[in-house]
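J.: Can you keep this structure in mind? I'll have questions shortly.
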Amino acid sequence: MSSMAEKKDVDKDKPITRVLFCGPHFPASQIYTREYLEKYPFIQVDDVPLKQVPDHIGNYDLCVSKNMLFDSNVLSRAKQLKLIMQFGVGLEGIDIDAATKHGIKVARIPGDATGNAASCAEMAIYLTLGLLRKQNEMQISVQQKMLGEPIGETLLGKTVFIMGFGNIGIDLAKRLKPFDVKIIATKRSWPSNSEVLIPKAFPTQNGVLDDLVDEKGSHGDIYEFASKADIVVCCLSMNKETVGILNKPFLSSMKKGALLVNIARGGLLDYEAVVQHLESGHLGGLGIDVAWKEPFDPNDPVLKFKNVILTPHVAGVTEHSYRSMAKVIGDVALQLHAGKPLKGIELVN
């Protein structure tokens, strides 16, 4: 096991609540959770390699899945597990029906309460600006001691299509507005009242903003909206209906030269279609924080394109969001230990 926390000065007769983090990736998740819980010796926080999770899951009360796949076989071994959580919002790797069958609750951490959504929105803007200003070509100019090249683009006056208007999409729209862009967005269903609550950092009359989105559409409008946009930002959740949704028909419907940014899940992208549209020049640029295969292959042919920017799944990995989410995990572990109702999380079963 990669890290088994030693608990000192623990009363052997009193129960310990055990928390398991799956795998080595996103290491700050377990590090920050341990730090938050270090004054509570009756909570034990461990992490194990992904391949060892099935062998150890039976000893834990709470599990943080990260990028572990929990199928019925793994869940059947979780004899004392009460709750599986994600260190964030994505639950596509968990068989929720199987968890329910085994009496295990499944939950995510709401992104709007921890700063996770805001962090992801900022990353979307970072990738967008990097593509517009030709980040990779700028580095070449630096190396070649060239000044005044390349010629970039501005966000000013662009039409941005936010595909999926949940917490991340809302936070993205709030931050894009000062760039003087037109925002169009799709969502499966819009509330009857278009008012969106705005934090104090965005002062408006009555604390609401009625014109956050210039044009609203439903999921059936994605091709039409793609044809209007200079920049498409994918903020969709991944499920059976959205896997591979950024495919050849969708990419072909985009404006020639438009940019595509994905800060949601890599499985939303059709890899072959993306490469084809980059090679043809139809896709003007690709900015992704998530990939079709993770960890990403540094020798992947897609990286040969100067108009591709890749980051290593760090959109939500900021000091603020990770400290906040570690506190949520820690508080839930304490609630489990005390037999209290679980607060601060979104149960899905």
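The values are calculated or read from the model by the stated rules, or taken from the named source; none is laboratory data. Computed from a predicted model, the values in this text were never measured in an experiment. All Cβ positions, glycine included, derive from the backbone under ideal geometry; neighbour counts span all protein chains shown. The accessibility values were calculated without ligands, DNA or RNA, using every heavy atom of the protein model including side chains. Shrake-Rupley method; radii C 1.70, N 1.55, O 1.52, S 1.80 Å.
J.: From Lys66, Lys39, Lys51, grab the single residue that is more than 22 Å from Val317 (Cβ to Cβ) and either in contact (Cβ under 8 Å) with a residue 12 or more places away in the chain or not in a loop (DSSP other than H, G, I, E, B) (or both). Give the steps one after another, and end with the answer.
T.: On the way: Lys66 fails: more than 22 Å from Val317 (Cβ to Cβ); Lys39 fails: either in contact (Cβ under 8 Å) with a residue 12 or more places away in the chain or not in a loop (DSSP other than H, G, I, E, B) (or both).
Just a single option satisfies the conditions, and that option is Lys51.
J.: Would you confirm whether any residue within segment 213-225 is open to solvent by 40 Å² or more (accessible area, probe 1.4 Å) and in contact with a Phe, Trp or Tyr (Cβ under 6 Å, 6 or more places away or on another chain)? Walk me through it before giving the result.
T.: Residues of segment 213-225 open to solvent by 40 Å² or more (accessible area, probe 1.4 Å): 214-216, 218-221, 223-224.
Next, from what is left, pick out any that are in contact with a Phe, Trp or Tyr (Cβ under 6 Å, 6 or more places away or on another chain): 216.
Yes, some residue in segment 213-225 is open to solvent by 40 Å² or more (accessible area, probe 1.4 Å) and in contact with a Phe, Trp or Tyr (Cβ under 6 Å, 6 or more places away or on another chain).
J.: Would it be correct to say that Ile125 is closer than 26 Å to Ile288 by Cα, at pLDDT below 95 and open to solvent by less than 70 Å² (accessible area, probe 1.4 Å)? Steps first, answer last, please.
T.: Numbers: closer than 26 Å to Ile288 by Cα: yes; at pLDDT below 95: no; open to solvent by less than 70 Å² (accessible area, probe 1.4 Å): yes.
So Ile125 does not fit the description; no.
J.: Also, I was wondering about something else. Check whether at least one residue in segment 116-129 is out of contact with any Ser or Thr (no Cβ under 9 Å at 6 or more places or on another chain), at negative phi and among the charged types (D, E, K, R), and report yes or no.
T.: no
J.: While we're looking at this one, here's another question. Test Ser227 against the stated conditions and say whether it is assigned to a helix (DSSP H, G or I) and among the polar types (S, T, N, Q). Reasoning before the result, please.
T.: Working: assigned to a helix (DSSP H, G or I): yes; among the polar types (S, T, N, Q): yes.
Yes.
J.: (1) within 18 Å of Leu342 (Cα to Cα); (2) open to solvent by 20 Å² or more (accessible area, probe 1.4 Å); (3) among the hydroxyl-bearing types (Ser, Thr, Tyr): which one isn't true of Ser72, the others all being true?
T.: Going through (1) within 18 Å of Leu342 (Cα to Cα); (2) open to solvent by 20 Å² or more (accessible area, probe 1.4 Å); (3) among the hydroxyl-bearing types (Ser, Thr, Tyr) one by one, Ser72 breaks only (1).
J.: Only residues that are out of contact with any helix residue (DSSP H, G or I) (no Cβ under 8 Å at 6 or more places or on another chain) and either within 13 Å of Tyr322 (Cβ to Cβ) or not charged (D, E, K, R) (or both): list them for segment 32-52, please.
T.: Those that are out of contact with any helix residue (DSSP H, G or I) (no Cβ under 8 Å at 6 or more places or on another chain) and either within 13 Å of Tyr322 (Cβ to Cβ) or not charged (D, E, K, R) (or both): Arg34, Pro41, Gln44, Pro49, Leu50, Gln52.
J.: Would you confirm whether any residue within segment 23-38 is open to solvent by less than 20 Å² (accessible area, probe 1.4 Å) and at pLDDT below 95? Spell out how you get there, then give the answer.
T.: At the first step, the residues of segment 23-38 found to be open to solvent by less than 20 Å² (accessible area, probe 1.4 Å) are 23, 29-30, 33, 37.
When the remaining residues are screened for being at pLDDT below 95, the result is 23.
Among the residues of segment 23-38, at least one is open to solvent by less than 20 Å² (accessible area, probe 1.4 Å) and at pLDDT below 95, which makes the answer yes.
Matching residues to (1) in contact with a strand residue (DSSP E or B) (Cβ under 6 Å, 6 or more places away or on another chain); (2) at pLDDT below 95:
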| site | (1), (2) |
| --- | --- |
| Gly285 | yes, no |
| Lys293 | no, yes |
| Phe296 | no, yes |
| Leu303 | no, yes |
| Val328 | no, no |
| Asp331 | no, no |
| Leu334 | no, no |
| Glu346 | yes, yes |
| Asn349 | yes, yes |
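J.: Given the structure, is Glu92 touching a residue at least 60 places away in the same chain (Cβ under 8 Å) and either of a type in the set (S, T, N, Q) or exposed (fewer than 15 other Cβ atoms within 10 Å of the Cβ) (or both)? Outline the logic, then answer.
T.: Working: touching a residue at least 60 places away in the same chain (Cβ under 8 Å): yes; either of a type in the set (S, T, N, Q) or exposed (fewer than 15 other Cβ atoms within 10 Å of the Cβ) (or both): no.
No.
J.: Does segment 311-325 contain at least one residue that is without any contact (Cβ under 8 Å) to a residue 40 or more places away in the chain and open to solvent by 70 Å² or more (accessible area, probe 1.4 Å)?
T.: For segment 311-325, residues without any contact (Cβ under 8 Å) to a residue 40 or more places away in the chain and open to solvent by 70 Å² or more (accessible area, probe 1.4 Å): present.
J.: Collect the residues in segment 251-267 that are assigned to a helix (DSSP H, G or I) and modelled with pLDDT of 95 or more, keeping them in residue-number order. Steps first, please.
T.: Narrowing segment 251-267 to residues assigned to a helix (DSSP H, G or I): 251-253, 266-267.
Of everything in segment 251-267, those that are assigned to a helix (DSSP H, G or I) and modelled with pLDDT of 95 or more turn out to be Leu251, Ser252, Ser253.
J.: When you scan segment 286-302, do you find a residue that is surrounded by fewer than 22 Cβ atoms within 10 Å (Cβ to Cβ) and within 28 Å of Gly157 (Cβ to Cβ), even just one? Can you show your working first?
T.: The initial filter retains those residues of segment 286-302 that are surrounded by fewer than 22 Cβ atoms within 10 Å (Cβ to Cβ), namely 291-302.
The next check asks that each one be within 28 Å of Gly157 (Cβ to Cβ); those that pass are none.
Among the residues of segment 286-302, not one is surrounded by fewer than 22 Cβ atoms within 10 Å (Cβ to Cβ) and within 28 Å of Gly157 (Cβ to Cβ), which makes the answer no.
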